[in-house]
Amino acid sequence: MSGHRRFLIAGIAIALLIGVAAVFLASPDPDGLESTALVVQGEKTLTGDTPGDARIDEDHLAGDFSYSSPMPDYSLGGTLGPWGGILAIIGGTLLAFLAVIGVLRAMKAVSRRKEEQVEQ
Amino acid sequence: MHIPDSFLPIGQALAYWAVALVFIALSLRWARDEMHEEKIPLVAVLAAGIFALQSFNLPVGMGTTGHLAGGALAAIVLGSPFAAVFILTLVLIVQGVLFGDGGITTMGVNILNMGVIGGFVGFYGFRGLMAATRNLEVSAFAAAWLACLVPALAGAVELSFAGTFPLRAGLVAMGLYHAIIGIVEGFVTVVAIRLIMTARPDILQLGAAPDQQVVT
């Protein structure tokens, strides 16, 4: 197996392992941005724990655009249990990988075609 | 650090998109000019790894969690801040469109914060620190810490313009939380760089200038 391929497979395997571990081990607490929003809205103190019922009040925020993603919060809904999260993370990780390969290959193809046109 | 749609008025969100697009165009030019065939797997694996790591929220105390942003890692490993813009743009598109992590109108500001600011702070922070300390781990850790903190402070300023956070309270809370989250960012960045150095030193293009010796 070539070094390239071995690196690729090992890299993807590590990424997928991290993603799957995240489904079970990631903390449900808010991230730094959400925590800041809760602090400025008086739902949480700066250094204290986040109360279980703390929610960001979206009605008083400036943005009025809304979009419903197909897999919010990295899950496929409650019916699949943790499998929904695992599938969503695996799908997203592979998609991020393929998006990079796809864009780079497409750019290579375009510049190769341009070079050929110049040569002709 | 992913700003959702509801946090920014659409006019401001579009203005950040416009700035982000300039850097996205420059990152595509970087990819066209600098991307050799043998480096493509590294870029793709970094994107997959950063996506997975961004979904892994670790508790950092004070009822708050944090995850890797990845701008410093991408920029240091691939030797250009535009590598961070390129990778973070694609990761944020997947996250925003499919998973609702970060908004659509606010994808521009998220690319600007995590990709552009994170990438530039991480890259030049690493170069400067390498010149000063000649120590890879110390330089990468500190640069990644800064590449987590500075975008968070930028986010606080942007959200104060939006009227979402008061400036001072936003800077204090975002700064405090991300100063701690940055420790996770620094640690993961150093571990990832060491892993890649062990596996494929030939394709690693550490952000240090070529004449600088890496002391490990």
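The values are calculated or read from the model by the stated rules, or taken from the named source; none is laboratory data. Given the structure is predicted, the values throughout are model-derived calculations rather than measurements. Here the Cβ positions follow ideal geometry from the backbone for every residue, glycine too, while neighbour counts run over all protein chains shown. These area figures cover heavy atoms from the full protein model, side chains too; ligands, DNA and RNA do not enter into them. Shrake-Rupley method; radii C 1.70, N 1.55, O 1.52, S 1.80 Å.
Couple of notes before you dig in:
- Subset of the stretch B:1-11 that is of a type outside the set (D, E, K, R) and assigned to a helix (DSSP H, G or I) - its residue that is surrounded by the most Cβ atoms within 10 Å (Cβ to Cβ): B:7
- The criterion of at least 2 residues that are within 13 Å of the chain's Cα centre (by Cα) and closer than 19 Å to residue A:96 by Cβ is met by the following helices (runs of 4 or more DSSP H) wholly inside the stretch B:75-189: B:81-99, B:118-133.
- Meets criteria (farther than 29 Å from residue A:77 by Cβ and among the small types (Gly, Ala, Ser)) for residue B:75: yes
- Of the residues making up the stretch A:76-116, just one is more than 9 Å from every other protein chain (Cβ to nearest Cβ) and polar (S, T, N, Q), namely A:79.
- Scan the stretch B:12-68 for residues that are open to solvent by less than 50 Å² (accessible area, probe 1.4 Å), without any contact (Cβ under 8 Å) to a residue 60 or more places away in the chain, of a type outside the set (A, V, I, L, M) and more than 7 Å from every other protein chain (Cβ to nearest Cβ) and the total you get is 2.
- Residue check for residue A:62: facing another protein chain (nearest Cβ under 8 Å) and open to solvent by less than 30 Å² (accessible area, probe 1.4 Å): no
- Residue ID - farthest from the other protein chains (Cβ to nearest Cβ), chosen from residues in the stretch A:22-57 that are open to solvent by 90 Å² or more (accessible area, probe 1.4 Å) and of a type in the set (Asp, Glu): A:53
- Residue in the stretch B:74-90 that is open to solvent by 20 Å² or more (accessible area, probe 1.4 Å), at pLDDT 95 or above, within 7 Å of chain A (Cβ to nearest Cβ) and within 28 Å of residue B:162 (Cα to Cα) present: yes
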